[in-house]
Protein chains: 2
Amino acid sequence: MVDKNMVLEALRNVLDPEIGRSIVDLNMVRDITVDDGNVTVKIALTVAHCPLAKTLQTDAENAVRKLGDVRSVKVDTTTMTRKELEDLKLKLQSSATPVSSPKNGGKVGPGIERLGRRGIRSIIAIISGKGGVGKSFVTSALASELRRRGYEVGVLDADLTGPSIAKVLGVAGKPHKGPNGGIVPLRTQSGIKVMSINLVLDDPSMPVIWRGPIVNSVIRQLYWDVDWGELHYLLVDLPPGTSDAPLTVFQSLPLDGVVVVSSPQELASMIVSKAVNMAKKMDAPILGLVENMSYLKCPGCSETINIFGEPKGEKLALSLELPFLGGIPLDPSVARLSDQGRIEEYSSSTIAGIVDELRTRAAKQLEQLTQGLPIAWSIEPAR
Amino acid sequence: MVDKNMVLEALRNVLDPEIGRSIVDLNMVRDITVDDGNVTVKIALTVAHCPLAKTLQTDAENAVRKLGDVRSVKVDTTTMTRKELEDLKLKLQSSATPVSSPKNGGKVGPGIERLGRRGIRSIIAIISGKGGVGKSFVTSALASELRRRGYEVGVLDADLTGPSIAKVLGVAGKPHKGPNGGIVPLRTQSGIKVMSINLVLDDPSMPVIWRGPIVNSVIRQLYWDVDWGELHYLLVDLPPGTSDAPLTVFQSLPLDGVVVVSSPQELASMIVSKAVNMAKKMDAPILGLVENMSYLKCPGCSETINIFGEPKGEKLALSLELPFLGGIPLDPSVARLSDQGRIEEYSSSTIAGIVDELRTRAAKQLEQLTQGLPIAWSIEPAR
């Protein structure tokens with residue numbers, strides 16, 4: 001039969017969704033009772049009304065349920081005392097190593113300086129090399145899933161000539177300057193911060209006919225002159241190609257990870273390989289590859305139609321020596337939700353899986369960050 | 001009942017597929033016989049084994065058949081005498097006006113010179129602004145259809161960072177320098193001349209990580225340093241976006257027309273509008289808009305699936321004040337043929353219609369060309 005110690009051991013694998021350490025090590029697990037297979041656990045949150053509390057509760061419940069012989073699990077939350085919190089802060093600060101790797105600072109090319117990260121914990125670029133495989137969809141779906149789990153999320157649309165993010169996420173209007181002089185990004189319904197060149201243009205159907213140097217400086221501005229505030233994740237939607245705009249993102253932003261998007265066309269594989277090889281040359285850490293538009297289920301007869309050929313994401317990932325993050329089927333609802341600016345309503349298990357992967361990665365990287373303290377400790381509750 | 005004069009009048013509407021004038025005016029129609037609704041016509045070709053003879057025969061047959069009361073049509077060909085040909089040459093040369101419009105020469109921007117057209121009659125760019133809507137597919141399908149009709153066709157892949165043309169058209173190998181010092185483009189199975197950066201790279205999966213100025217100079221080289229020879233049509237496949245590469249094509253090449261490709265997604269419409277507005281700003285003549293991936297017919301139950309939303313190309317063309325060139329359904333065979341380098345085997349009525357439109361346009365423009373003489377008069381028979 002399950003006992004207290006077994007529950008504690010199971011909870012040891014549950015990470016605080018922001019701090020990225022075991023909740024047992026963080027001294028957050030308080031009372032465990034086990035009565036004939038009925039388990040109750042009390043977890044002390046670092047702040048009351050922590051937006052990530054629900055994610056933590058779910059993770060803890062799932063961990064205990066996996067033990068077997070468990071009839072029911074109940075996870076309650078309480079809040080740390082001021083004293084306990086101060087102790088934890090000191091402990092975390094002393095273990096956080098200042099950033100000193102050359103990857104995150106210094107000159108990276110002639111005349112190009114890598115920008116800092118300020119209050120942003122993880123910066124993830126979504127790339128594909130090829131257009132039309134669904135970078136903007138993957139970016140906005142990832143942002144939505146992260147937001148659903150309570151994280152502070154921003155999306156930077158680095159595609160200046162084909163900006164899709166504002167439309168897909170349903171934000172419109174002009175951003176204005178905030179009290180600090182920075183541009184305040186717009187917020188989606190669920191609270192994702194968005195910045196895109198299309199929000200600045202008077203007419204979104206007018207092109208920006210800019211050569212490279214202007215493109216580069218505008219991308220840097222969209223990152224640096226914007227008051228992103230404290231974010232757990234900034235997702236950067238890259239334009240197709242391997243020329244100015246992607247190059248500037250790779251050189252200027254302190255990227256923590258890159259998600260590669262492909263489609264089942266061999267043609268796409270070839271061009272996606274180019275983008276992957278670019279990311280490797282730029283020493284950007286690649287989290288893995290996701291295949292979009294893998295297949296379509298006919299809504300009429302449920303037949304599987306391989307519109308763009310047999311799914312081959314797994315094989316492609318293997319040949320590029322990348323983790324395969326999963327395939328996402330073609331779904332007419334994606335185009336509809338995108339066109340209606342309601343992509344936040346979309347969810348899929350593949351996207352949820354990528355978010356799990358991002359969380360694990362972020363946890364591993366947290367020790368390298370200078371600011372190791374949870375964002376929830378410093379910001380107002382999310383809207 | 002149909003008579004000789006009616007047949008002659010019907011043939012007046014048939015244009016020589018290269019010279020772009022009525023075959024009656026060109027004195028190419030010789031013997032017409034009408035016997036109880038059975039029509040025979042003899043057409044004198046300007047050169048024996050003219051690669052365009054078949055197109056001409058089909059056009060003449062169709063024109064006569066339209067008269068009604070026609071039981072059968074037989075179109076034979078013969079060849080002009082040397083004397084007749086010399087007379088025709090003189091007549092054409094005297095009516096050809098030298099090019100003097102500023103659009104086709106001179107400075108077009110700081111440090112940018114528009115290049116000449118040498119032996120190329122019509123240069124058509126295929127644009128979309130958005131990636132993944134099928135520019136390369138439309139480009140290569142148009143080239144294949146033009147080639148089927150006997151034209152000399154070249155395809156310049158101006159997408160340096162995501163080059164698809166060589167793969168789709170099934171050419172591989174390295175181009176070498178010809179006797180004139182120009183690079184000799186590779187030829188497809190049917191004889192289309194192809195030039196793409198991927199033919200120059202040692203490994204097609206390696207990216208070209210080039211900033212704008214290099215991109216620009218390479219595109220100019222792919223056009224100017226290549227020995228295209230005499231061509232009826234050079235199709236230029238543009239990369240997505242409205243930055244360096246498209247800008248260079250618009251500024252450097254003497255474009256005769258632009259074909260715009262869209263998809264049914266509203267998102268695509270918005271970005272395609274940007275590209276159209278760019279082309280308008282650059283004074284490029286837009287031939288019209290074609291919608292790709294309009295819908296899919298399920299191979300299982302024949303249900304029409306609007307994967308990317310309701311087709312809206314016609315409405316989009318109207319709002320952009322462009323002719324609508326038609327819609328092309330999604331077809332799994334396109335991805336298969338593209339991946340196998342066999343797109344030359346694909347044909348569709350929409351593509352054929354666009355080719356008709358190109359031919360009419362080319363005929364109208366021919367009088368502005370300095371070189372008004374048919375290419376067939378000067379080149380070796382196509383392979």
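Values quoted throughout were computed directly from the atomic coordinates according to the rules given, and no laboratory measurement underlies them. Here the structure is a predicted model, which means the values were calculated and not measured. With ideal geometry, Cβ positions are generated from the backbone for all residues, glycine too; neighbour counts draw on all protein chains shown.
Here are the numbers for the structure shown:
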read-out: Sorted by Cβ density within 10 Å, fewest first, the residues B:337, A:316; value: B:337, A:316
read-out: Whole-number Å³ per residue for the convex hull built on Cα positions in segment B:181-333; value: 163 Å³
read-out: Sequence-separation-based contact order of segment A:272-340, relative, with Cα cut under 8 Å and 6+ spacing, percent; value: 36 percent
read-out: Stokes-Einstein D in µm²/s, Kirkwood radius over Cα pairs - segment B:4-94 at 10 °C with 1.306 mPa s viscosity; value: 119 µm²/s
read-out: Cβ-based charge dipole, chain A, positive-most Cα from A:260, A:44, A:186; value: A:186
read-out: Cβ neighbours within 10 Å from other chains - mean over B:127-134; value: 5
read-out: Largest-first principal axis extents of the Cα set of the protein assembly as shown (Å); value: 107, 57, 44
read-out: The protein assembly as shown - mean residue ellipticity at 222 nm from DSSP helices (-39,500 (n - 2.57) per run, n ≥ 4, rounded to 500); value: -10000 deg cm²/dmol
read-out: Mean separation of Cα contacts under 8 Å, 6 or more apart, over the residue count of chain A: relative contact order %; value: 21 percent
read-out: Across the identical copies, how the residue A:40 labels are spaced - nm, sorted shortest first, 7 Å along Cα→Cβ; value: 10.6
read-out: Estimated inter-spin distance, residue A:190 and residue B:33, nm [label 7 Å along Cα→Cβ]; value: 7.9 nm
read-out: Efficiency of FRET between residue B:65 and residue B:297 - r from beta-carbon atoms, R0 25 angstrom, step 0.05; value: 0.20
read-out: Derived scalar couplings ³J(HN,Hα) [segment B:19-33; Karplus, 6.51 cos²θ - 1.76 cosθ + 1.60; whole Hz; x for Gly, Pro]; value: 6, x, 10, 4, 5, 5, 4, 7, 6, 9, 8, 10, 9, 10, 10
read-out: Net charge of neighbours whose Cβ lies under 12 Å from the Cβ of residue B:224, counting Lys and Arg as +1 and Asp and Glu as -1; value: +1
read-out: Neighbour-count order for B:176, A:49, fewest beta carbons within 10 angstrom listed first; value: B:176, A:49
read-out: Cα gyration tensor, segment B:269-340 - rounded (a/c under 1.5), prolate or oblate; value: prolate
read-out: In degrees, nearest ten, helix B:82-95 long axis to first principal axis of chain B (Cα); value: 50 degrees
read-out: Sequence of B:78, B:40 once ranked by neighbouring C-beta atoms within 10 Å, starting from the fewest; value: B:78, B:40
read-out: Unpaired by the 4.7 Å Cβ criterion, cysteines found in chain A; value: A:50
read-out: Top positive-direction residue, dipole computed over segment B:4-94 with Cβ charges, set B:88, B:15, B:75; value: B:88
read-out: Relative contact order (%) - criterion: Cα under 8 Å, at least six apart; region: segment A:205-309; value: 22 percent
read-out: Whole-Å semi-axes of the ellipsoid equivalent to segment A:111-368 (Cα gyration tensor, √5λ, descending); value: 27, 21, 18
read-out: Label distances, nm, residue B:200 versus same residue in remaining copies, Cβ-directed 7 Å point; value: 3.2
read-out: Packing rank of B:24-34, B:279-289, A:290-300, where each peptide gets the mean count of other beta carbons within 10 Å, highest leading; value: A:290-300, B:279-289, B:24-34
read-out: Charge dipole magnitude, Cβ of K and R +1, D and E -1 - chain A, Cα centre, debye nearest 20; value: 620 debye
read-out: For residue A:94, label point 7 Å along C-beta direction: distances to other copies, nm; value: 10.3
read-out: Chain A: antiparallel DSSP beta bridges as a percent of all, rounded to 5; value: 25 percent
read-out: For segment A:166-268, fraction of C-alpha pairs farther apart than 16 Å, in %; value: 65 percent
read-out: Dipole in debye (nearest 20) - segment A:4-94, about Cα centre, beta carbon charges: Lys, Arg +1; Asp, Glu -1; value: 100 debye
read-out: Helix A:53-65 axis, angle to chain A major axis (alpha carbon atoms, nearest 10°); value: 60 degrees
